[in-house]
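K.L.:
Provided herewith is a single structure, encoded as structure tokens, for subsequent inquiry.
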Amino acid sequence: MSYRRAFKIVCGFAGGSAVFVYGAAAAQSHGYFGDQQGQRQYKGGLAVLQAAQPTTWVSGNHTVSPSGNGWDSNWDKRDPSLMVNSRRKESAGDEANTEVENNKPKATRHIFLIRHSQYNLNGNGDKERILTPLGREQAELTGQRLAALGLKYDVLIHSSMARATETAHIISKHLPGVELMSCDLLREGAPIEPIPPVSHYKPEAVQYHEDGARIEAAFRRYIHRADVKQKEDSYEIIVCHANVIRYFVCRALQFPPEGWLRLGLNNGSITWLTIRPSGRVALRALGDSGFMPPDKLTRT
């Protein structure tokens, strides 16, 4: 049966209607969404995001071909099959295969990225930009939500900025016994120039140059598959900032990092990344704030 025929049958069962959602990205200068020969493809003036499919398929009047952009299994440089020297593989044979098996991670990492709560935008410098009364309420609600999940958290890491530090300390009251750590790498900043650009956010090029390197360093430190020595699944909380979280999500899912500003996060929201032993990454929640009453939601 042809794909066109199958499509018509499915539409028949669905009452003759179907919805197709197409994403567009303006990463032309980097060629993120080219075809297999690296040429960008356009439909109606938009750069079409094409899912990686084993073969071309047809639906209605649209033909979608493989994008040629597969998943990089060694994105965190921890793929055990690539950590054994190729020459040793050839000479050692079974011994090398055993080494690969012995160095395969066994545990899954669950990383909860929490955006800080609402803070005083009029503060003079970081030290005065502390949480508002509503922000403290939001942090309490986030702490209650994390506790209600009933998970055994291993650590609570937070940005060294005042608003993230205060948010983390309020959350920690609901998670007794969880180690609390501060990290300068997680401070807010401008990770990479966004595409498409926006008129209300235009840092100087030097800020992207400096902040981008730091935030990328934070990503490499915290977002990766489990170490081979880790025997049990881990649950880690990182309290930081919207730009940092949005950049982490794009990088972890191997989406164009320039798209980070297209994601929106409420204050105190929870983003949940899962990293399997194989290096596969899943986004289980993005900016979840459904545990807060509507009148408590902010995005400042």
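K.L.:
List the number of the failed condition for Asn266; all other conditions in (1) touching an Asp or Glu at 6+ places or on another chain (Cβ under 8 Å); (2) in a loop (DSSP other than H, G, I, E, B); (3) over 26 Å from Asp79 (Cβ atoms) hold.
P.N.:
Evaluating Asn266 over (1) touching an Asp or Glu at 6+ places or on another chain (Cβ under 8 Å); (2) in a loop (DSSP other than H, G, I, E, B); (3) over 26 Å from Asp79 (Cβ atoms) leaves (1) as the failure.
K.L.:
Turning to a different aspect of this structure: So if I check each of Glu258, Glu236, Glu232, which one is closer than 19 Å to Trp272 by Cα and crowded, with 16+ Cβ neighbours inside 10 Å?
P.N.:
Glu236
K.L.:
Looking at Tyr208, Tyr201, Tyr235, can you tell me which residue is in a loop (DSSP other than H, G, I, E, B) and among the aromatic types (Phe, Trp, Tyr)?
P.N.:
Tyr201
K.L.:
Taking the stated definitions as given, is Ala205 farther than 20 Å from Leu151 by Cα and exposed (fewer than 12 other Cβ atoms within 10 Å of the Cβ)?
P.N.:
It is true that Ala205 is farther than 20 Å from Leu151 by Cα and exposed (fewer than 12 other Cβ atoms within 10 Å of the Cβ).
K.L.:
Restrict the check to the stretch 229-239 and report whether at least one residue is within 19 Å of His110 (Cβ to Cβ) and hydroxyl-bearing (Ser, Thr, Tyr).
P.N.:
Scanning the stretch 229-239, I find at least one residue that is within 19 Å of His110 (Cβ to Cβ) and hydroxyl-bearing (Ser, Thr, Tyr), so the answer is yes.
K.L.:
Right, Val198: among the β-branched types (Val, Ile, Thr), within 18 Å of Leu273 (Cβ to Cβ) and loosely packed, with under 14 Cβ neighbours inside 10 Å or not?
P.N.:
So Val198 fails the test.
K.L.:
It is to be established whether one or more residues within the stretch 284-299 are surrounded by 18 or more Cβ atoms within 10 Å (Cβ to Cβ) and in a helix (DSSP H, G or I).
P.N.:
yes
K.L.:
Among the residues of the stretch 162-175, are any within 30 Å of Gln230 (Cα to Cα), in contact with a Lys or Arg (Cβ under 7 Å, 6 or more places away or on another chain), surrounded by fewer than 16 Cβ atoms within 10 Å (Cβ to Cβ) and not β-branched (Val, Ile, Thr)?
P.N.:
So far as the stretch 162-175 goes, no, none of its residues is within 30 Å of Gln230 (Cα to Cα), in contact with a Lys or Arg (Cβ under 7 Å, 6 or more places away or on another chain), surrounded by fewer than 16 Cβ atoms within 10 Å (Cβ to Cβ) and not β-branched (Val, Ile, Thr).
K.L.:
Return the total of residues in the stretch 261-276 being of a type in the set (S, T, N, Q), more than 30 Å from Glu232 (Cα to Cα) and surrounded by fewer than 23 Cβ atoms within 10 Å (Cβ to Cβ).
P.N.:
Applying the first criterion (of a type in the set (S, T, N, Q)) to the stretch 261-276 yields 266-267, 269, 271, 274.
Now narrow it down to the ones that are more than 30 Å from Glu232 (Cα to Cα): 266-267.
Among the residues that remain, those that are also surrounded by fewer than 23 Cβ atoms within 10 Å (Cβ to Cβ) are: 266.
So the answer is 1.
FYI, it's all coordinate maths here, none of it is from the lab. Predicted model, so just to flag it, every value in this text is computed and none were measured. Using ideal geometry, Cβ is built from the backbone for each residue, glycine included, and neighbour counts are taken over all protein chains shown.
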